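Structure first, commentary second.
The values are calculated or read from the model by the stated rules, or taken from the named source; none is laboratory data. It should be emphasised that the depicted structure is a prediction, and the values quoted were computed from it without experimental measurement. Here the Cβ positions follow ideal geometry from the backbone for every residue, glycine too, while neighbour counts run over all protein chains shown. Accessible surface is based on the protein model in full, side chains and every heavy atom, while ligands, DNA and RNA are left aside. Shrake-Rupley method; radii C 1.70, N 1.55, O 1.52, S 1.80 Å.
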Amino acid sequence: MLPFTVMTPTFNRATTLPRVYESLLAQDFKDFEWLIVDDGSTDHTKSLVESWIKEQKIKIRYVWQENQHKKVAFNHGVREAKGVLLVALDSDDTMCHDALKHMWSIWLSLENKENYIGITGLCARPTGEVVGDEYPQDKMTLSSLDMYFKYKVRGEKFGCLHTAVLRQFPFPEDIQGFVPESLVWRAIARAGYKTLFINHIYRIYFESGDSLSHEGNINVEKHALGLLLLAKDMVNDCLPWFRYQPKEFIKAAIRYNRFVRILKKRGDTIPPQAQLTHWQAKLLVGMTAPVAYFLYK
């Protein structure tokens, strides 16, 4: 296997893909493949990529699928990946020239690699300003849930993922529309996989609507089911972390009530995976129902 698969799901981004390509050409570490998963583009993405393949400057594989959704393209890319580690790079972002080299050296130094989902570093804007919070220490090994709830670290982050572990946790394709990335990352953390968090900038972040997480903010009612699943995951499945950030759980309970109302108003059935199973979660959602109703109205 190769050390890395850099995987880019894309849809009609021929204008920004060259930025990704130039970034990969500039990498200090060359032992990787670039896997482009085209989610049914109708622009000149295919011919553009074919021209790069002919240049033979880096290993490129191009796979095409009918337009289904970015989550489906992501799953497709994970199945196709030949790298030990997978780097999911959006179709308009760039990596620092030392990103792959640094990730690989850190990965090789880890013991018990099978217990890790990956390495997560920082993002910076083109100005050099770090996006979001840095980690409390330079290197920290813990679950992503602990980092979020105990240490309250927020903001865009970036790194590499252990492909073998990632294949065990695909995005649910039976849910129509947007599915928050957090659902997958939290499931992996609850399964016991750790992340090495490191204060090293790996990615140059450009504001866009290309990420899965951004998509959910475009049309709340359209993506109500995915957002309901995220609220349920928080208030029901992350209960062991309640004591660290109770306000976040209260907000999630209010959101849960809100999205249930939106779905019921349009005649949708609440699927089993969105229903509460813990009595504490049911109590919290019940207590916040009046507030949620007021905000809904």
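Here are a few things to note about the model shown:
- Residues of segment 153-168 satisfying the condition of being within 13 Å of Ala191 (Cβ to Cβ) and either buried (at least 23 other Cβ atoms within 10 Å of the Cβ) or touching a Gly at 6+ places or on another chain (Cβ under 9 Å) (or both): His162, Val165, Leu166
- Of the strands (runs of 3 or more DSSP E) lying entirely inside segment 1-111, those carrying at least 3 residues that are of a type in the set (S, T, N, Q) and within 24 Å of Trp185 (Cα to Cα) are 2-10.
- Filtered residue count, segment 11-58, keeping only those that are small (Gly, Ala, Ser), closer than 15 Å to Val87 by Cβ and open to solvent by 30 Å² or more (accessible area, probe 1.4 Å): 1
- Within the set Leu295, Leu263, Leu283, the sole residue that is open to solvent by 30 Å² or more (accessible area, probe 1.4 Å), assigned to a helix (DSSP H, G or I) and either farther than 22 Å from Leu239 by Cα or touching a strand residue (DSSP E or B) at 6+ places or on another chain (Cβ under 9 Å) (or both) turns out to be Leu295.
- Tally, over segment 196-222, of residues that are over 30 Å from Leu85 (Cβ atoms) and either at pLDDT 95 or above or not polar (S, T, N, Q) (or both): 4
- Every residue from segment 128-186 that is closer than 17 Å to Asp233 by Cα, over 15 Å from the mean Cα position of the chain (by Cα), of a type outside the set (Asp, Glu) and in a helix (DSSP H, G or I): Met147, Phe149
- Residue list for segment 89-132, restricted to those being open to solvent by less than 10 Å² (accessible area, probe 1.4 Å) and polar (S, T, N, Q): Ser91
- Residues located in segment 247-259, provided they are closer than 12 Å to Thr288 by Cβ and out of contact with any Leu (no Cβ under 6 Å at 6 or more places or on another chain): Lys247, Phe249, Ile250, Lys251, Ala252, Ile254, Arg255, Tyr256, Asn257, Arg258
- Residues in segment 239-260 that are of a type in the set (S, T, N, Q) and part of a helix (DSSP H, G or I): Asn257 only.
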